[in-house]
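The values are calculated or read from the model by the stated rules, or taken from the named source; none is laboratory data. Note that the coordinates shown come from a computational prediction; the quantities given were computed from them, not determined experimentally. Note that we place each Cβ from the backbone using ideal geometry, even for glycine, and neighbour counts take in every protein chain shown. Calculation scope for accessible area: heavy atoms of the full protein, side chains included, ligands and nucleic acids excluded. Shrake-Rupley method; radii C 1.70, N 1.55, O 1.52, S 1.80 Å.
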Amino acid sequence: MDNRQQEFLIHVDKGLVQAAQVEDGVLTNLIIEPVAADNMVGRIYLGRVVHVEPRLQAAFITIGESHDGFLNMRGASVLAEGDMREADIQDCVAAGDTVLVQITRPSIGDKGAHLTANITLANRHFVLAPYSSRIAISSAITDENERARLMAIAEKTNSQFDIESQHEKTGWIIRTQAETVSENILAADMEKLAHAWDALLDKADTSEAPQLLHKDSIGIERILRDYISHHTSSIIIADAASFDLAQAYCEENIQTILPLLSQAPPDEDLFERYDIHSEIKKALAVRVELASGGWISIEDTQAMTTIDVNSGNHNAPARAVNLEAAATIARQICLRAIGGLIAIDFIDMETPSDNQAVLNALSAGFANDKVPVRIGDMSDFGVVEMTRK
């Protein structure tokens, strides 16, 4: 049984919502979201194709923003008829076409936003994928009986809908938050998304391109929707206005977590609990001290992130230092939102069983990470290569 105590401490500062995820008194994740509607990722537009560039296998789409969006072949492939693997960009769109697109990466400088035509709509328990025909389930749900239960509910409920899509059946992703949730609540959430998609299509039918059709949840609402799980024991919110917003959102959308909400005393600096300010400072430093006297150093290069484990004054065997470091490394990678290729130089150990124990500890540190991680074997020199999306 999982007995960990997971708390969320949430406060708003300088236009940002900061949420600290704390497990058994230790900061394990820091989520920062804009308060205002300036996060473009997830927005859905009715766009118009301005230009198709066969050499780039991409199209430029006007969406009503300052720069045209960029739709590459991967994002456009769902619009092709027949075998998408054999298609090119001219089989998907032509100049003057109107097309539904979603932002996957915001515009930067004079470069427009990256777009996809593979639209998705999310709520707490599901993601609706109308251009897919597959029901998938979060890999974080590992209990086979629970996975089978959730799949059966999704398939049964999906068969009751008549959703406009490119396939006979509509695609869904069952999110981690669906674990242990009752069938009635899950079915209602699927129905909400189905109605939201129908409403979006109706709006598109009566609009002229370019037109913004949908914005994803942001700020406190997105944190409550995407990060609170059945492991969460309490959600403490710093200020009265944010608490009222959270309470109203949960009453309408996630009534099951209403009892977890509470407001911090008005004179308390919420992040002084568990010394979170200090933990954030550590997450910005190159060197991170280990409780035993050793340390790890984390440095970014153009090609990868490198992490070095040092024993310092630690008198224990290399295995003990590495095991302590492995858990700290996993936590720091998540806190710092490190992605791409990561190389970890552990202290040399003597036996393969020691190597495997350290690899197991490193892998366990990412058990609750929402970002896909791949960890390689340990080399003869004690180096582990891993990737985080």
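Criterion applied to S229, S182, S234, S159 was being of a type in the set (S, T, Y) and either more than 20 Å from C250 (Cα to Cα) or in contact with a Gly (Cβ under 8 Å, 6 or more places away or on another chain) (or both), and the one residue passing it is S159.
Of the residues in region 101-158, how many are of a type in the set (K, R) and part of a loop (DSSP other than H, G, I, E, B)? Number satisfying all stated conditions: 2. Would you mind stating whether S292 is in contact with a helix residue (DSSP H, G or I) (Cβ under 9 Å, 6 or more places away or on another chain), in contact (Cβ under 8 Å) with a residue 24 or more places away in the chain, in a loop (DSSP other than H, G, I, E, B) and open to solvent by 30 Å² or more (accessible area, probe 1.4 Å)? The answer is yes for S292. Considering each residue of region 257-270, count those that are open to solvent by 40 Å² or more (accessible area, probe 1.4 Å), touching a residue at least 12 places away in the same chain (Cβ under 8 Å) and in contact with a helix residue (DSSP H, G or I) (Cβ under 7 Å, 6 or more places away or on another chain), and give that number. Qualifying residue count for the region: 1. The set of residues in region 80-100 that are surrounded by fewer than 22 Cβ atoms within 10 Å (Cβ to Cβ) and assigned to a loop (DSSP other than H, G, I, E, B) comprises A80, E81, G82, D83, A87, D88, A94, A95, G96, D97.
Checking each residue in region 273-283 for being among the charged types (D, E, K, R), open to solvent by 40 Å² or more (accessible area, probe 1.4 Å) and either in contact with a strand residue (DSSP E or B) (Cβ under 7 Å, 6 or more places away or on another chain) or under 13 Å from A19 (Cα atoms) (or both) picks out R273, K282.
The residue that is modelled with the highest pLDDT, counting only those in region 18-39 that are under 22 Å from L121 (Cβ atoms) and open to solvent by less than 30 Å² (accessible area, probe 1.4 Å), is I31.
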